[in-house]
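Trainee: Below: one structure in structure tokens.
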Amino acid sequence: MSDNGQYCMQCNKKLERDEKAIYRRLVNRGAREYLCIPCLARYFKCSEEDIKKRIVQLKAMGCTLFG
Ligand SMILES: [Zn+2]
């Protein structure tokens with residue numbers, strides 16, 4: 001199973017590893033399609049900064065979804 005070459009299902013932006021990880025963490029652990037951070041922020045009606053902060057927090061907690 002390769003995670004390469006995935007694009008945001010909304011805007012088609014190429015996804016970073018973190019973007020997929022946060023989507024799994026916040027939306028659906030078994031997700032196979034993802035949103036980029038800007039689209040995810042819109043989905044949650046919060047700011048991109050909030051999402052990025054969550055990523056930093058989860059990494060600091062040693063969340064296993066962030067390799
Ligand atoms: Zn997007």
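Trainee: Can you give the accessible area per residue of region 17-60, in Å², using a 1.4 Å probe?
Mentor: 63
Trainee: Right, here's the next one. If you project the alpha carbons of region 6-67 onto their three principal axes, what span does each projection cover, largest first, in Å?
Mentor: Taking max minus min along each principal axis of the Cα atoms, region 6-67 gives 30, 23, 17 Å.
Trainee: Do any GluC sites (Glu not before Pro) in the chain lie in a DSSP loop with no more than 14 other beta carbon atoms within 10 Å, and if so, which?
Mentor: The qualifying sites are 16, 33.
Trainee: In sequence order, what are the phi-derived ³J(HN,Hα) couplings for region 48-59 according to the Karplus relation 6.51 cos²θ - 1.76 cosθ + 1.60 with θ = phi - 60°, rounded to whole Hz, with x for glycine and proline?
Mentor: Here the 3J(HN,Hα) series is 4, 4, 4, 5, 4, 5, 4, 4, 4, 4, 5, 4 Hz.
Trainee: OK, next. From the cross-link list 20/59; 20/52; 13/52; 13/59; 13/53, which pairs have alpha carbons spaced over 19 Å apart?
Mentor: As for pairs spanning more than 19 Å Cα to Cα, those are 13/59; 13/53.
Trainee: Next question, about the same structure. Report the gain in length on full extension from residue 60 to residue 16: 0.36 nm times residue separation, minus Cα-Cα distance, nm rounded to one decimal.
Mentor: 14.0 nm
Trainee: Can you give the accessible area of residue 44 in Å² (nearest 10), computed on protein heavy atoms with a 1.4 Å probe?
Mentor: Accessible surface of residue 44 is approximately 80 Å².
Trainee: Sticking with this one: Expressed in nm to one decimal, what extension gain is obtained for the pair residue 49 and residue 29 from 0.36 nm per residue of sequence separation less their Cα-Cα distance?
Mentor: That works out to 5.0 nm of additional length.
Trainee: Here is a follow-up. Within the accessible area of the chain, what % is carbon and sulfur when the probe is 1.4 Å and the other protein chains stay in place?
Mentor: Here it works out to 47 percent.
The values are calculated or read from the model by the stated rules, or taken from the named source; none is laboratory data. Predicted, not measured: the structure shown is a model, and the values here were computed from it. Virtual Cβ from ideal backbone geometry, glycine too; neighbours counted across all protein chains shown. Remember, those area values only see protein heavy atoms, side chains included, never the ligands or the DNA or RNA. Shrake-Rupley method; radii C 1.70, N 1.55, O 1.52, S 1.80 Å.
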